[in-house]
Amino acid sequence: MIKINKSPLPNHVTITREEDYRSGIVFQMLVEDSRGKCYICEDSVHTAPNVEHRISHKGDLALKYDWNNLFLACYHCNNTKLDKYDEIIDPTKVDPEKIIELLLGVDSELRAMVIVRKIKGNNDVDITVNLLNAVYNGKNTAMKEFACQQLIKKISIEMSWFYQQLEEYKKTPNYDCKTVIERQLSGASAFAAFKRGIVRCDHELFCNLAYAFTHVRR
């Protein structure tokens with residue numbers, strides 16, 4: 001989960017029915033604002049896009065059609081969140097990277113897992129951590145566990161490639177290598193929060209790539 005800069009809805013556009021946000025300009029704006037990624041797990045949503053209500057509307061039309069309550073999500077995250085995690089942080093107002101750390105690790109059986117760490121914050125951060133744990137490491141049903149394993153597999157493959165690029169950059173810190181890394185640190189990159197976390201933990205890398213954290217990201 002990374003910070004999202006949400007565009008203001010044009011004055012001539014209204015949301016009064018589900019079709020208004022499932023297609024047309026509203027849906028396109030959701031896609032563009034989230035860079036085509038699920039706002040929760042950062043996986044691409046090109047095969048199963050959902051429009052998710054950060055605060056479940058439960059029949060409240062004001063919440064259901066509130067532009068500020070609509071986010072692009074994948075089926076897995078939407079189906080995991082449902083109405084169980086209504087008080088998660090708002091990534092348009094809070095930068096998730098400053099309060100939550102995401103790392104790849106292994107469980108007691110040496111299977112890949114995502115470590116979700118709270119850096120600071122209140123109850124809304126705790127609820128977000130719980131949601132992310134359910135999204136990445138859920139095991140309550142066989143189907144959920146399978147979906148989580150497939151998601152972690154995607155992250156592992158992406159991060160393995162990213163580590164290779166970092167090693168190449170350390171060996172040959174030229175403009176081309178740096179440009180590749182900077183693109184991977186941008187908000188449009190898959191699982192950018194994981195990549196940015198790795199660089200942030202390496203002081204020398206972070207200093208060399210500081211520009212990507214302030215300019216390339218969006």
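The values are calculated or read from the model by the stated rules, or taken from the named source; none is laboratory data. What you see is a predicted model; the values in this text were computed from it and never measured. Positions of Cβ are generated from backbone atoms using ideal geometry, with glycine treated the same way; all protein chains shown enter the neighbour counts.
Some observations on this one:
- Residues in region 179-198 that are in contact with a Leu (Cβ under 7 Å, 6 or more places away or on another chain) and either surrounded by fewer than 20 Cβ atoms within 10 Å (Cβ to Cβ) or in a helix (DSSP H, G or I) (or both): ILE181, GLU182, ALA192, ALA193, PHE194, LYS195, ARG196, GLY197.
- Pick from region 18-35, criterion without any contact (Cβ under 8 Å) to a residue 24 or more places away in the chain and either part of a loop (DSSP other than H, G, I, E, B) or of a type in the set (A, V, I, L, M) (or both), ranking: surrounded by the fewest Cβ atoms within 10 Å (Cβ to Cβ): SER23
- Leading residue by the ranking (modelled with the highest pLDDT) among those in region 93-117 that are in a strand (DSSP E or B) and loosely packed, with under 13 Cβ neighbours inside 10 Å: ARG117
- Scoring LYS139 on the criteria (1) touching a helix residue (DSSP H, G or I) at 6+ places or on another chain (Cβ under 6 Å); (2) without any contact (Cβ under 8 Å) to a residue 12 or more places away in the chain; (3) under 23 Å from LYS84 (Cβ atoms); (4) part of a helix (DSSP H, G or I) leaves a single failure, condition (4).
- Residue check, TYR65 under 25 Å from ALA142 (Cβ atoms) and surrounded by fewer than 21 Cβ atoms within 10 Å (Cβ to Cβ): no
- Failed item in (1) out of contact with any strand residue (DSSP E or B) (no Cβ under 6 Å at 6 or more places or on another chain); (2) within 29 Å of ASN208 (Cα to Cα); (3) of a type outside the set (Lys, Arg), with ASN68 passing the rest: (2)
- So TYR169, is it more than 28 Å from TYR75 (Cα to Cα) and buried (at least 18 other Cβ atoms within 10 Å of the Cβ): yes
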